[in-house]
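For reference, the structure discussed in these notes is given below.
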Protein chains: 2
Amino acid sequence: MAERKAVERHSGVALWRQIADGIRVFIADGACRDSGLLPPAADLAERFGVNRHTVRAALAFLADEGLVESIQGYGTRVVDKRQLTLPISRRTRFSAGVGDQAASASIQLLRSAEGPAAGEVAALLRLAPGEAIIEVEEAGYVDSRPVSCSQHFFPARRFAGIAAEIVATGSITRAFAALGLTDYLRASTDVSARHADARERELMRLSPGAIVLETRSVNTDLDGVPVQCSTTRFAADRISLRMTP
Amino acid sequence: MAERKAVERHSGVALWRQIADGIRVFIADGACRDSGLLPPAADLAERFGVNRHTVRAALAFLADEGLVESIQGYGTRVVDKRQLTLPISRRTRFSAGVGDQAASASIQLLRSAEGPAAGEVAALLRLAPGEAIIEVEEAGYVDSRPVSCSQHFFPARRFAGIAAEIVATGSITRAFAALGLTDYLRASTDVSARHADARERELMRLSPGAIVLETRSVNTDLDGVPVQCSTTRFAADRISLRMTP
DNA sequence: GATAGTTGTCTAGATTAATAGACAATGTGC
DNA sequence: GCACATTGTCTATTAATCTAGACAACTATC
């Protein structure tokens, strides 16, 4: 199973970048779980059919990301950096979902605004067009590392002041509780994946070509009345999702 | 909300490629749903802060993908190419999931093999290490367009000959039925996203830097006994997932 | 038909990515 | 200590990408 141009020229993605992406998959497949070492750069160069310098550029990029560490005279070590798995179920909560996979999880409010509901958001929240909604933008951190950024919409009449509560409590679940909603359920979650745009790259410190997992979800109270609809983007190299019925 | 460096130099992704990815998101956000036309190339060039020729390279790439169509003297039109949404629930089925979103859906068997269960697959199927399993590789097509490729594992004792049944019936659901299993349920689905590797690019005709949505799932019979575990990769620009509880 | 706005094509030059080779620096094992 | 394998650094060359400008070809509108 050797050889072969796993890389393509003139594709708009630099060879070293393609190789970096390839090595990331290689590591994720657990191909060097035993020694914890990547094959030598010269071997990789032969495998990918490129010059050693090109592989070095790929490794430097991955080292900058913190995924590997090159040690002169020894080799290139894979740094254990497991992807977090976020459970998605009827009771999806960010902090609780991170659970004991990390020491800390928090969200930071970026922006909030109030305005009339329109289009898709109005339909998902089952509001008449023009009814007031509160929009909240927020970023999620795990152990001080940005892993997500979200846009949430709430019906303004029922949840007036929720932005302040989110800041005060550092959690949407607790903000809901403070406003009298002690439990809520996830009605549906749409999942897609695409390249990060400029804003997402900035917020989550991603490089061009990086991937975001985008979820669009609706939460309802126990009577099935929509209380929140959200779009969340996760840095795909840091988070995966586990859907359980 | 104008201007500036939505693109990054020295990132390993060519500017025209970053711009193509940006325009794809731009279109997906419905930014030009009214006229069906993209802004002129000169405008886009100014917006992204690059030369018009660079934008032209991006548009040529997207035209090659079939997402846009440039007409001399007129403009660049967005070709309606909606993403399919595949429902993921307790009763997830590929063909039925595509449903009326397309004229036809089919799978093609690529490879099958039998061997001893090991590691993760053995654990997920609750088999003793060494018990026989059947491995099946298959590609999914919608309207003759490749949208997915999968790797499935079945306990060999219970489903001997399933590969032949899949070929005969063109469906895993019908293959199960032919072997006496008329109903089964999805127990869990893990979702992650990453860059396509060389094989996936070839099977689904993707370019370097393209994204795959990878699902890892386990199906059980109605008694909760595992009957199948699978890894499926979807071309992220053609498929999104809808999880419902 | 004239005009303005848009895409298509060509040439040339500057910048960046990739290859090639030589050799230094450092860790491992004998 | 010594040989060996591996990563780190340097120079030089070639190939690809991006910029710049000029102008042709085409469409829609007046």
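The values are calculated or read from the model by the stated rules, or taken from the named source; none is laboratory data. Please read all numbers here as calculations on a predicted model, not as lab measurements. Here Cβ is always computed from backbone atoms with ideal geometry, including for glycine, and neighbour counts include all displayed protein chains.
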*In segment B:113-132, the residues that are within 19 Å of B:Ser217 (Cβ to Cβ) and surrounded by 14 or more Cβ atoms within 10 Å (Cβ to Cβ)*: B:Ala117, B:Val121, B:Ala122, B:Leu124, B:Leu125, B:Arg126, B:Leu127
*Every residue from segment A:1-47 that is in a helix (DSSP H, G or I), in contact with a helix residue (DSSP H, G or I) (Cβ under 6 Å, 6 or more places away or on another chain) and either away from DNA strand D (no atom under 14 Å from the Cβ) or of a type in the set (Gly, Ala, Ser) (or both)*: A:Ala20, A:Ala41, A:Ala42, A:Ala45
*Kindly provide the set of residues from segment A:80-119 that are under 27 Å from B:Glu214 (Cβ atoms) and either of a type in the set (Ser, Thr, Tyr) or in a strand (DSSP E or B) (or both), ordered by number.*
A:Leu84, A:Thr85, A:Leu86, A:Pro87, A:Ile88, A:Ser89, A:Thr92, A:Ser95, A:Ala105, A:Ile107
_For segment B:218-245: of the residues being closer than 21 Å to B:Ala128 by Cα and either within 9 Å of another protein chain (Cβ to nearest Cβ) or of a type in the set (Asp, Glu) (or both), which is surrounded by the most Cβ atoms within 10 Å (Cβ to Cβ)?_
B:Asp221
*Please determine, by comparing only the residues of segment A:49-94 that are over 24 Å from A:Ile19 (Cα atoms) and either hydrophobic (A, V, I, L, M, F, W, C) or in contact with a Cys (Cβ under 7 Å, 6 or more places away or on another chain) (or both), which one is nearest to DNA strand D (Cβ to nearest atom).*
A:Leu86
*Say we look at segment B:149-188 and pick out the residues that are in a strand (DSSP E or B) and under 15 Å from B:Arg111 (Cα atoms); which of these is farthest from the chain's Cα centre (by Cα)?*
B:Phe154
_Number of positions in segment B:30-79 that are of a type in the set (Lys, Arg) and within 11 Å of DNA strand C (Cβ to nearest atom)_ = 3
*Has segment B:66-73 got at least one residue that is within 19 Å of the chain's Cα centre (by Cα) and either closer than 24 Å to A:Ser188 by Cα or loosely packed, with under 14 Cβ neighbours inside 10 Å (or both)?*
yes
*Note down all Cβ pairs under 8 Å where the first residue falls in segment A:36-62 and is within 11 Å of another protein chain (Cβ to nearest Cβ) and touching a residue at least 60 places away in the same chain (Cβ under 8 Å), the second is within 9 Å of DNA strand D (Cβ to nearest atom) and in a helix (DSSP H, G or I), and they're at least six residues apart or on different chains.*
none
*asked:* For A:Gly97, only one of the following conditions fails: (1) within 16 Å of DNA strand D (Cβ to nearest atom); (2) within 14 Å of chain B (Cβ to nearest Cβ). What is its number?
replied: (1)
*Mind telling me which of the residues A:Arg9, A:Arg4 ends up being near DNA strand C (Cβ under 9 Å from one of its atoms), farther than 23 Å from A:Gln101 by Cα, modelled with pLDDT under 90 and surrounded by fewer than 18 Cβ atoms within 10 Å (Cβ to Cβ)?*
A:Arg9
